[in-house]
Amino acid sequence: MYLDSNLETLFTSSGSYSQGLNVKPLSSIPHYNLLLLGPSGCGKSSFINTILSMLNGRRGLRSIVTAAEMGGPTPSSTKRLQRYCISELHPEINVNIWECWPLTRKAFSIEELELMVEGKMPQNCKMGQSMHDTAFRETLEKVKARKTTKTQMHGILIFVCAESFQHHSDDVTDGQSDDISEKQYLRDVFQRLSGKGYKPIVIIGKSDEVCRALRGKAMEQHTEMEQLRRRAATYFDVSLSRVHYAVNYTEERETTFDMDSLAYQTLDYSIQVCQQFEAAQLDERARKLVEKKKKRRSCWLAYAVAVGTVALVALIIALLPLTESPRIRN
């Protein structure tokens, strides 16, 4: 695993934590950006709190972190693009987790999605701001001109609700009567991002509402969850390794080793995907640089041939008078 290798024990407290989770100091990890996308109420904010709670175990703390405001049964409380900088709490872990408003066809334009993924949507921008705020649009136009930004996303986690994969139907029973279902829209977004070179990870949120046993045995294999994973993998047309499920802290007062292990496993895999994306980008830049050099060489060669041809023609013209017949000169 990417976070493992040679290293310190993540948890040092007693009890079940004596088993330990090994984690690399991560000073060698570049600054990665992870974007969480998904509909309202599928556990994105709870997932962030679970990740932060898990990492707090490095300090010997087992209290639950509530940095991200959770919507619970009410509509999503996330109405802006928010960044959770893990390095502020753990300087050696250079990962930002980004969360935004619900991913629905009405609330999210394709332009917003692409700008967000490219890291060109300003932090704390509000839902709908790019569509209705003229001043903000002017700022966006300037930002769009930038080639690269430090906030470009390296990995994307697309959250879906577990109940939407309980059955084989492609419809989501959420009361919406749009021509395209919420679930179908997520698949369209997934495919669009895949076409841009990303490898989105599917996270089945609120899994414990479908399989209650997960809260006590999150790392054990459960037949019901494996069926959900297979259905999700088929629906999004991805390998099973890119479909994970989340069990978030919502009722607990203290972290548990089993749930922390699950959160750790997902974070570890996400960082691996970020690493692969960055490596692919570097390869693409190297390829473009080689092509640019080849093109430049070709241009110089064409220029040299052209100059040589002109010089040769000029020389021939200059020598013509000397080669004329004396009879013609007389």
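Residue pairs, Cβ under 6 Å, 6 or more apart or interchain, first in segment 167-192 and open to solvent by 60 Å² or more (accessible area, probe 1.4 Å), second at pLDDT 50 or above and part of a loop (DSSP other than H, G, I, E, B). List them.
ASP171/SER181
Which of the strands (runs of 3 or more DSSP E) found entirely inside segment 30-124 contain at least 3 residues meeting this: without any contact (Cβ under 8 Å) to a residue 60 or more places away in the chain?
82-85
Could you grab me the full set of residues in segment 56-112 that are among the hydroxyl-bearing types (Ser, Thr, Tyr), modelled with pLDDT of 85 or more, open to solvent by less than 40 Å² (accessible area, probe 1.4 Å) and more than 24 Å from GLN184 (Cα to Cα)?
Residue satisfying the conditions is TYR84 alone.
Can you tell which of ARG327, ARG230 is modelled with pLDDT of 90 or more and either among the basic types (Lys, Arg) or assigned to a helix (DSSP H, G or I) (or both)? First the steps, then the outcome.
Numbers: ARG327 fails: modelled with pLDDT of 90 or more.
Just one listed residue meets the conditions, ARG230.
The values are calculated or read from the model by the stated rules, or taken from the named source; none is laboratory data. What you see is a predicted model, and the numbers here were worked out from it, not measured in a lab. Backbone-built Cβ (ideal geometry, glycine too); neighbour counts: all protein chains shown. Each accessible area value is taken on the protein alone, full model and side chains, heavy atoms only, with ligands, DNA and RNA left out. Shrake-Rupley method; radii C 1.70, N 1.55, O 1.52, S 1.80 Å.
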